[in-house]
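K.L.:
Below are the structure tokens for one structure; questions will follow.
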Amino acid sequence: MGKGFNEVADAGALDGLVERSHEAPVLVFKHSTTCPISAAAYREMSQVGAAVALVVVQQARQLSNEIAQRTGVAHESPQALVLRNGKVVWSASHWRVTADEVERALRENA
């Protein structure tokens with residue numbers, strides 16, 4: 001997965017992200033296309049120097065719910081999650097989704 005946004009839309013893609021998290025941290029961003037706070041978080045995420053697995057909630061509601069169920073982290077959007085070794089090791093939502101905080105979480109969990 002290269003840098004930038006890579007949209008994911010199904011449980012198979014989630015399985016791949018979880019698998020990849022055993023090698024390196026994986027960043028998942030739940031984005032709402034109708035929320036101004038999410039628009040601000042999207043701009044922040046676009047500044048992150050790592051791949052961002054993008055879940056557009058309006059297009060992939062089932063996947064968003066699946067992420068919450070598998071991880072135990074209640075759904076919010078915008079929401080950023082860092083997966084490592086198959087588990088969420090960091091998460092933030094709303095105004096706490098900043099490029100600096102995401103970059104720090106990725107470094108700390110490398």
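The values are calculated or read from the model by the stated rules, or taken from the named source; none is laboratory data. Bear in mind the structure is a predicted one, so any value in this text is a computation, not a measurement. As a convention, Cβ positions derive from the backbone with ideal geometry for all residues, glycine included, and neighbour counts pool all protein chains shown. For the accessible areas, the whole protein counts, side chains as well, though only heavy atoms, and no ligand, DNA or RNA atoms are used. Shrake-Rupley method; radii C 1.70, N 1.55, O 1.52, S 1.80 Å.
K.L.:
Measure out, as a whole number of angstrom, how far apart the alpha-carbon centroids of the stretch 1-58 and the stretch 78-106 sit.
P.N.:
10
K.L.:
Right, next: Label Ala24 and Val89 with points 7 Å out from Cα along Cα→Cβ: what is the distance between them in nm?
P.N.:
Here the answer is 1.3 nm between the modelled labels.
K.L.:
Now for a separate question. Report the relative contact order of the stretch 1-94, percent, no decimals, based on alpha-carbon pairs under 8 angstrom and at least 6 residues apart.
P.N.:
38
K.L.:
P(r) for the chain: what percent of alpha-carbon pairs falls in each 10 Å bin, starting at zero?
P.N.:
Binned Cα distances yield the sequence 16, 55, 28, 1.
K.L.:
Sticking with this one: Quick one: Karplus J couplings for the stretch 18-34, per residue in order, coefficients 6.51, -1.76, 1.60, θ = phi - 60°, nearest Hz, x for Gly and Pro?
P.N.:
Working through the residues one at a time gives 4, 4, 5, 5, 7, 9, 7, x, 10, 9, 10, 10, 8, 10, 9, 6, 10 Hz.
K.L.:
Counting other Cβ atoms within 10 Å, keep those with at most 11, restrict to DSSP loop, and tell me which GluC sites (Glu not before Pro) in the stretch 11-49 are left.
P.N.:
In loop regions of the stretch 11-49 (DSSP not H, G, I, E or B), the sparsely surrounded GluC sites (Glu not before Pro) are Glu23.
K.L.:
Could you work out how far apart the two model spin labels at His75 and Lys3 are, taking each label as a point 7 Å from the Cα in the direction of the beta carbon, and quote it in nm?
P.N.:
So the two model labels end up 3.2 nm from each other.
K.L.:
While we're looking at this one, here's another question. Taking a 1.4 Å probe, which of Trp90, Trp95 shows the most accessible area, and what order do the others take after it?
P.N.:
My answer, sorted largest first, is Trp95, Trp90.
K.L.:
Using DSSP to call loops (not H, G, I, E or B), can you name the trypsin sites (Lys or Arg not before Pro) in the stretch 2-110 whose Cβ has at most 15 other Cβ atoms within 10 angstrom?
P.N.:
In loop regions of the stretch 2-110 (DSSP not H, G, I, E or B), the sparsely surrounded trypsin sites (Lys or Arg not before Pro) are Lys3.
K.L.:
Given a 1.4 angstrom probe, what's the average accessible area per residue across the chain, in square angstrom?
P.N.:
52
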